[in-house]
Amino acid sequence: TEGPKIEDVKIDILPLGDGDEFAQAIISWKTDKPSTTQVQYDVGLVGGDYSKSSIEDTSLSTAHTVIIKELEVASTYHYRIVAKDKRNNQTTSNDYTFVTPEKNKSIWQLIVRSLEETFSWVKNVGGFFNNLGKKAQ
């Protein structure tokens, strides 16, 4: 009569590649007895609605993994885990929150931004080379 105990919840947010439009998250957890696998989630902070969910995997297991795709970049999401045992006793986990990464910038953009933050004169380097080119003509 008691639902599965959900424990050892982990999340990995995958880094965005240059051409990626959406973020992805891998959520994994364990249950104390064989149960189904499903994650409910939505944009926003803890306690909001859960308008989206992964497809329920009805094969019973104690080790669970779900990959959530097509997440908006630079956004906050909240999620919870739903597990049912073979007698349909259901457990819903606590609410968890994660933030998806921003789109990656090129290594050159990251270096220049770092230099600009460290050395204020770096912002004028582009103008210096433009003027140097004009003087050489």
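The values are calculated or read from the model by the stated rules, or taken from the named source; none is laboratory data. Just so you know, these numbers come straight off a predicted model, no measurement behind them. Counting neighbours? That spans all protein chains shown, and the Cβs are built from the backbone with ideal geometry, glycine included. Heavy atoms of the whole protein, side chains included, go into the accessibility calculation; ligands, DNA and RNA do not. Shrake-Rupley method; radii C 1.70, N 1.55, O 1.52, S 1.80 Å.
Summary table
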{"quantity": "Lone qualifier among Leu45, Leu16 - being hydrophobic (A, V, I, L, M, F, W, C), part of a loop (DSSP other than H, G, I, E, B), open to solvent by 90 Å² or more (accessible area, probe 1.4 Å) and in contact (Cβ under 8 Å) with a residue 12 or more places away in the chain", "calculated": "Leu45"}
{"quantity": "Number of the exception - Glu21 against (1) modelled with pLDDT of 95 or more; (2) open to solvent by 20 Å² or more (accessible area, probe 1.4 Å)", "calculated": "(1)"}
{"quantity": "Qualifying residues in the range 25-42 (those that are closer than 13 Å to Tyr96 by Cα and polar (S, T, N, Q)) - the one surrounded by the fewest Cβ atoms within 10 Å (Cβ to Cβ)", "calculated": "Ser28"}
{"quantity": "Tally of residues being loosely packed, with under 15 Cβ neighbours inside 10 Å and in a strand (DSSP E or B) across the range 1-13", "calculated": "4"}
